[in-house]
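Notes to accompany the following structure.
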Amino acid sequence: TLKLKKNNNLVYLTEGENDLLLKLIKKRNGIVLREELAEQEFDESELRKIDVRITRLRQKIESNAKQPQYVKTIRGKGYKLVCEDL
C-alpha cells in the first residue's frame, strides 16, 4: 500500500485507488490505456469504474481536481501520471 501525504496530512486510498495509482506510477509520463487499468475483462461498466476511481484519486491528490496537474486525461486513450518526483 502506498503512503501519500498532501499538505502534511496522510492521504488514505482505497485498494482500488492504490492499485490504479501503482499502474500509473509504473508507466509515469507515459499513457496508460483505460483498458489496461481495468481489473477484469473490460466492458463499458468496468471502464466507467476506472473513470470514477480516477476522479476520486484526483480529489485526494490534486490541489484542484477539475484542473489536474498530476493525473491527466489523454482524450480517447487513457490517462497519464505527470510527475518527476517519484
query: Roughly speaking, to the nearest percent, how much of the chain's 1.4 Å accessible area is carbon and sulfur?
result: 46 percent
query: Of all the C-alpha pairs in the chain, what % are more than 19 Å from each other?
result: 33 percent
task: Give a residue-ordered list of calculated ³J(HN,Hα) values for the stretch 54-64 (Karplus: 6.51 cos²θ - 1.76 cosθ + 1.60, θ = phi - 60°; whole Hz; x for Gly, Pro).
output: 4, 4, 5, 4, 4, 4, 8, 10, 8, 5, 9
message: Compute the helix-to-body angle for 15-26: its Cα long axis versus the longest principal axis of the chain, expressed 0 to 90° and rounded to tens.
response: 90 degrees
- prompt: Rounded to the nearest 0.05, what FRET efficiency is calculated for Tyr12 and Lys72 with R0 set to 30 Å and r the Cβ-Cβ distance?
  reply: 0.85
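The values are calculated or read from the model by the stated rules, or taken from the named source; none is laboratory data. Quantities reported herein were computed from a predicted structural model and do not represent experimental measurements. Positions of Cβ are backbone-derived with ideal geometry, glycine not excepted, and every protein chain shown enters the neighbour counts. For the accessible areas, the whole protein counts, side chains as well, though only heavy atoms, and no ligand, DNA or RNA atoms are used. Shrake-Rupley method; radii C 1.70, N 1.55, O 1.52, S 1.80 Å.
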